[in-house]
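Undergrad: Let me begin by handing over the structure; questions about it come next.
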Amino acid sequence: MILELTYSALGVLFGVDRKSISKIFISTLEYLVIRCQDFVAWPSKEIVQSTMPDELKNMYGNCVIIDCTEIKIDQSSSVEAKGQTYSHYKKGFTVKVLIGCAQAGSVSFVSKCYGGRISDAQITTCSGHLDFLESDYLVFADKAFPEIQSTIDEKGAGVVLVMPSFLRDGCFPKKK
């Protein structure tokens, strides 16, 4: 359950000033970032192969599944920050993070936060995620990522982007 309480509301609940709540929240996040940074690690091909379900091992080889998630934030007082964080898709102010998962379900990549205005493909390119991919990797992504194909091609690493087909006039295109 997400309550989406503001710092002011939390301040009233706990009898503490809104600015104190903000400082506590930020310092807690900073502590968690430091303590949890080793929880996310890019696995070697050997680890991927040894932990992958047999059904996927035969079908896909080495693959990573990527997607971005958006987190609502309060509106900034800065005009520049408002412009960077306003998400038309979410119709509000957000930050985005790119998450990569290995076949076995472990989180293998978490990008830094970007303003909600940036596209998923731009985050993928800017975050350095593609630098981890070796030859013969498959990248599974949704419809928000077609622009990364050119970056993958430029790197020439033999990485294949796999995305679902798009509906056209209510129908999926026929396979070629």
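Undergrad: Which number in (1) outside the structural domain of residue 123 (by TED's automatic domain parsing); (2) part of a helix (DSSP H, G or I); (3) not hydroxyl-bearing (Ser, Thr, Tyr) marks the one condition that residue 5 misses?
TA: Every listed condition holds for residue 5 apart from (2).
Undergrad: A further question follows. From the list 96, 72, 91, 82, pick out the single residue that is basic (Lys, Arg), exposed (fewer than 12 other Cβ atoms within 10 Å of the Cβ) and in the same structural domain as residue 118 (by TED's automatic domain parsing).
TA: Of 96, 72, 91, 82, the one residue that is basic (Lys, Arg), exposed (fewer than 12 other Cβ atoms within 10 Å of the Cβ) and in the same structural domain as residue 118 (by TED's automatic domain parsing) is 91.
Undergrad: Would you check if residue 158 is under 24 Å from residue 46 (Cα atoms), at pLDDT 85 or above and assigned by TED's automatic domain parsing to the domain that holds residue 62?
TA: Answer is no for this residue.
Undergrad: Just for the range 99-144: of the residues that are of a type in the set (Phe, Trp, Tyr) and over 24 Å from residue 33 (Cα atoms), which one is surrounded by the fewest Cβ atoms within 10 Å (Cβ to Cβ)?
TA: 140
The values are calculated or read from the model by the stated rules, or taken from the named source; none is laboratory data. Values in this document were obtained by computation on a predicted structure and should not be read as measured data. Neighbour counts run over all protein chains shown; Cβ positions are idealised from the backbone, glycine included.
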